[in-house]
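The next block holds one structure in the form of structure tokens; read it before the comments.
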Ligand code: NZQ
Ligand code: ZN
């Protein structure tokens, strides 16, 4: 077990009856808030009305930035930062899924910096300590952005999708009402669920030689939760227990509880971010296509025991097999989950993606080096994995 520091100060209000505490959390920072949201789903499902009514009651002056795109653009974050600078905004209120929250984080960092463009901060790769405070109302169980210190921002002019990180952009408070995700379409439910699942296997579970038994069991519990409840939420979007389990799993997967003592990786995420940078696809779907191929590619005598354990603990594969045979069954079970249970198209070609940019994407995913993990991957390996996904 490696040494670790555990420190996650995001205050989470989880459940149906906390919206009346929203204004109190905002007023800790001031009376001028920038409300950031996406393409309008919050107007259709009543969340916008609930949030703005709560702010009005408390005398909070709301400014608005709407239209945040899935895979949020740096140009949109720049618009938000300009509003903050011009209007002296005290706090940012992000209402939506990971894209909206990430855009809010980009705004928060740029608003207090001399930079006019969030992309300068992203490219500088500096840890962001200073930013406007962010409060989140979550509507999609997926990315963990509600309680983590990362934002993923896209620049469509350069085909780049890169992370901005820092303790300064960790949300101060997150309101997680599972009912707010009832209106999520089936496809987004499937994609978000797989994103949660992949955060666990990609970041820590299969990242290296993890031997911290308690944490491995926690990680498996989060993955089992996704496997159990995603199909229930897909069948009945208003199933509270299903939405609640997925929402808390989303937060737990990336709020650093599951990091403790582990080795870190991120192979599938590095490969997927190139796909959404070039083709603007939905993040969780890209991960679902890549993950079983990545496991197949890295499978050998050394990696088989960890992959087999995943199969046994998460998918109920029988114990007592030879590790390689067991690991193959684990990969089959994972593929079945992605492409049958979650009903996601299994191939990149189904999403109109061909091999044109694979070389450039692979080289960029490796950042001039290798992607470390259960098995290190160079640019040639990554290109092979993309080809397996066609
Ligand atoms: O645009 P709106 O109206 O908000 O609609 C969204 C969008 O069309 C819709 N939606 C969200 N909640 C809804 C809803 N529709 C109806 N009812 C609701 N309750 O769903 C669509 C997708 O929303 P989006 O925010 O893009 O989804 P998600 O939460 O999956 O976020 C994806 C983004 O987060 C990044 C991804 O790369 C991607 O850019 N990630 C962020 C991470 C982080 N900050 O730590 C880590 C992740 O690995 C990931 O990379
Ligand atoms: Zn993810």
> Could you list, bin by bin from short to long, the percent of Cα-Cα pairs of region 1-59 in 10 Å steps?
Replying inline: 17, 41, 26, 10, 6
> With axes computed from alpha carbons, what is the tilt in degrees of helix 74-87 against the longest principal axis of the chain, rounded to the nearest 10 within 0 to 90?
Replying inline: 20
> What does the convex hull of the Cα atoms come to per residue for region 170-252, in Å³?
Replying inline: 100
>> I need 213, 336, 195, 114 ordered by Cβ neighbour count within 10 Å, fewest first.
In response: 114, 213, 336, 195
> Given the C-alpha centroids of region 61-118 and region 194-242, what is the distance between them in whole angstrom?
Replying inline: 30
> Taking 0.36 nm per intervening residue step and subtracting the Cα-Cα distance, what contour gain separates residue 322 from residue 112 on full extension?
Replying inline: 69.9 nm
> Tell me, what does the Kirkwood hydrodynamic radius of region 317-369 come to in angstroms if you use every pair of distinct C-alpha atoms?
Replying inline: 13.9
> Given the rule -39500 (n - 2.57) for each run of at least 4 DSSP H residues, summed and divided by the residues of the chain, what is its mean residue ellipticity at 222 nm, to the nearest 500 deg cm²/dmol?
Replying inline: -14500 deg cm²/dmol
> Tell me, what does the Kirkwood hydrodynamic radius of region 285-350 come to in angstroms if you use every pair of distinct C-alpha atoms?
Replying inline: 11.9
> What nm distance separates the two modelled labels at residue 236 and residue 336, each placed 7 Å from Cα along Cα→Cβ?
Replying inline: 2.4
> Looking at the square roots a ≥ b ≥ c of the eigenvalues of the Cα gyration tensor of region 233-350, which shape do they give, rounded for a/c under 1.5, prolate if a/b is larger than b/c, or oblate?
Replying inline: rounded
> Which order do peptides 93-100, 154-161, 381-388, 4-11 fall in by mean Cβ count within 10 Å, highest first?
Replying inline: 93-100, 381-388, 154-161, 4-11
>> Suppose we look only past 17 Å in the calculated P(r) of region 33-84. What percent of the Cα-Cα pairs does that tail hold?
In response: 40
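Share of antiparallel DSSP beta bridges in the chain, in percent to the nearest 5?
25
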> In whole percent, what relative contact order does region 102-147 give with Cα contacts below 8 Å and a gap of six or more residues?
Replying inline: 40
>> Run the paramagnetic zone check for residue 280: 7 angstrom along Cα to Cβ, then residues of region 53-84 with backbone nitrogen under 14 Å.
In response: 68-76
> What ranking do 146, 345 get, fewest neighbouring Cβ atoms within 10 angstrom at the top?
Replying inline: 345, 146
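May I ask you to give the average projected area over all directions of the convex hull of the Cα atoms of region 143-202, in nm² rounded to one decimal?
5.7
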>> Please list, in order, the residues from region 337-367 whose amide nitrogen is less than 18 Å from a point placed 7 Å along the Cα→Cβ vector of residue 158.
In response: 360-367
> Gain in length, residue 347 to residue 85, computed as 0.36 nm per residue apart minus the alpha-carbon separation, to one decimal in nm?
Replying inline: 89.9 nm
>> Rg and Dmax in Å for region 300-390, alpha carbons only: what are they?
In response: 15.4, 43
> What angle, in degrees between 0 and 90 and rounded to the nearest 10, separates the Cα long axis of helix 267-279 from the longest principal axis of the Cα atoms of the chain?
Replying inline: 60
>> Given axes a ≥ b ≥ c from the Cα gyration tensor, I'd like to know whether the chain is rounded (a/c under 1.5), prolate (a/b larger than b/c) or oblate.
In response: prolate
> Where the centre of each part is set by its Cα atoms, how far does region 267-318 sit from region 328-379, in angstrom?
Replying inline: 7
> Which percent of the Cα-Cα distances in region 72-181 go past 16 Å?
Replying inline: 51
>> Under 8 Å for C-alpha pairs, at least 6 residues apart: give me the relative contact order for the chain, rounded to a whole percent.
In response: 15
>> Let's test the formula: R0 of 22 Å, r as the Cβ-Cβ distance of residue 186 and residue 18. What FRET efficiency results, to the nearest 0.05?
In response: 0.25
> Angle between the Cα long axis of helix 240-254 and the longest principal axis of the chain, 0 to 90 degrees, nearest 10?
Replying inline: 80
> Ratio of Rg to Rh for region 1-120, alpha carbon only, Kirkwood?
Replying inline: 1.00
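Readers should treat all values here as calculations from the given coordinates under stated rules, not as data from a laboratory. Remember, it's a predicted structure, so these values are computed and weren't measured experimentally. All Cβ positions, glycine included, derive from the backbone under ideal geometry; neighbour counts span all protein chains shown.
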